[in-house]
Amino acid sequence: MAFKLPPGVIIAEERPWDGESVGRVNRAAFESEYEALLVDRLRERCPGILSLVARKGDQVVGHVLFSPVRIRQGEGQDLIGRGLGPLSVLPDRQGQGIGSALCREGLQRMKAAGHPFVVVLGHSGYYPRFGFTQSSQHGIRCAFENVPDEAFMICILKPASMKGVSGVAYYRPEFDETA
Ligand SMILES: CC(C)(COP(=O)(O)OP(=O)(O)OC[C@H]1O[C@@H](n2cnc3c(N)ncnc32)[C@H](O)[C@@H]1OP(=O)(O)O)[C@@H](O)C(=O)NCCC(=O)NCCS
């Protein structure tokens, strides 16, 4: 499905030579090294990630990553879905629908791939428009400490698989690496 984007901007999977440009977008958007390093580490070590870019010509102007997240309910009862993030758009390209298009395209692909859920840790004013609701309402909380309730959200893609599911959601260990 096509989403409203500025002229000439397309959403596509990251190409092998996009790594540096993706790092630049993350550094500019977050004004920090953490997200750029996190994406590099996940790209290197983690099977099953989806890395999408927004591209205008040869320039990468936005990026989103989806990586595995495990909801641990009890002994041997893990359910694996995906986590959205980081999501970034170059500061001078923000507010033009690029972040929204990256989210929507990614969620569509997650659903098509059969993932039961996508979680996100982020702005509670932004993500509900894509179908995210507060995770705690579903009995699912984030393994990270000190996460405000409203900032951890879930988009349920396969309701049948999520029936009765509750527990703690764990991101990949790379998210805990700070240096
Ligand atoms: C958040 C971000 C990815 C949004 O991308 P974008 O291309 O600017 O977003 P869109 O143009 O699709 O959507 C714009 C809408 O998002 C809202 N928005 C942007 N940043 C927001 C924020 N931090 N909190 C709440 N809403 C936000 C805008 O107010 C606007 O709302 P409107 O459509 O009701 O007017 C981008 O602003 C960014 O890279 N920010 C810095 C990095 C960051 O915070 N990433 C997200 C971490 S959760």
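No lab work stands behind these numbers, since they all come straight from the coordinates. As the structure is a computational prediction, the values presented were derived from the model and not from experiment. Glycine gets a Cβ as well: all are built from the backbone with ideal geometry, and neighbour counts include every protein chain shown.
Structure notes:
- Which of Phe66, Val120, Ser161, positive extreme of dipole for segment 9-176 (C-beta unit charges): Ser161
- Positive minus negative residues near Phe130 (Lys, Arg vs Asp, Glu; Cβ under 12 Å): +2
- Tail fraction, Cα-Cα pairs, the chain, threshold 31 Å, whole percent: 12 percent
- Helical contribution to [θ] at 222 nm, DSSP H n ≥ 4, -39,500 (n - 2.57), averaged over the chain, rounded to 500: -7000 deg cm²/dmol
- Residue-by-residue Karplus 3J(HN,Hα) for segment 56-65, coefficients 6.51, -1.76, 1.60, Hz, glycine and proline x: 10, x, 8, 8, 7, 10, x, 7, 9, 10
- Cβ-defined net charge surrounding Glu174, 13 Å radius [Lys, Arg +1; Asp, Glu -1]: -1
- For segment 103-124 versus segment 1-77, the inter-centroid distance based on Cα atoms is 13 Å.
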